[in-house]
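The values are calculated or read from the model by the stated rules, or taken from the named source; none is laboratory data. Just so we're clear, the structure is a prediction, and the values are computed from it rather than from any experiment. Please note that ligands, DNA and RNA were not included when accessible areas were found on the heavy atoms of the full protein model with its side chains. Shrake-Rupley method; radii C 1.70, N 1.55, O 1.52, S 1.80 Å.
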Amino acid sequence: PARAEVERLREVIDMRLRPTEDPRRSAATPLDLGTLRRRRWVTRPRPHVDRIASAWLIKRFIDPDATFVFAEPADFPEDAVPFDAPGVELSHVGDDCSFETLLKRTGLRDRRLIRIAQIVHEADLRDGKFAREEARGIDLAIRGFLAANADDAQVLVHGFALFEGRS
């Protein structure tokens, strides 16, 4: 029964044990949003909080026509923009989660998005960097979506509604 939690914790441990990437990289290379429109985006299967929040950010603020694919990193399609996976450009950088990396790289500076980034960071990494009480609730809601839905696309639909504040 606790398999999903063990797998998520294993992912967190893998991400933390991965060599630290250069935290200055994100500041040096802003993304050209024009090249990110009408694209396919790819991430790992069984999305949790950072992948769902990042997909929501992409769909809502970066690429309204985005479509999402789930695959193991070795099977990522060449034509898709990868995110939140080890070794890809739009993933954890330094101590930032992928959502924070996307915010910084795209230049989105809305204070509401920054608050959401803090919640996502705490729910994903649980490192105490941001004391956001909402993180536990978001984490539990997404675990519920994953438990109730075998289809990752449906998990995204529910996650998008959560981040939009809809029921």
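When only Cα pairs under 8 Å and 6 or more residues apart are kept, what is the percent relative contact order across the stretch 121-167?
On the way: 21 pairs, mean separation 10.8, N = 47.
Relative CO of the stretch 121-167 lands at 23 percent.
Starting from the alpha-carbon convex hull of the chain, give the projected area averaged over all orientations, in nm².
The orientation-averaged projected area of the Cα hull of the chain comes to 9.5 nm².
Could you tell me the accessible area of Glu164 in Å² (1.4 Å probe, neighbours in place), rounded to the nearest ten?
Number for this one is 60 Å².
For a quick check, take a GNM of the chain with Cα springs below 10 Å and name the residue from Gly94, Gly34, Gly144 with the largest mean-square fluctuation.
Gly34
Run the numbers for Glu7 and Phe61: contour at 0.36 nm per residue of separation, minus the present Cα-Cα distance, in nm.
The span from Glu7 to Phe61 would gain 16.4 nm if fully extended.
For the stretch 77-167, take the convex hull of the Cα atoms, compute a quarter of its surface area, and give me that in nm², please.
On the way: hull surface 27.9 nm².
The number I arrive at for the stretch 77-167 is 7.0 nm².
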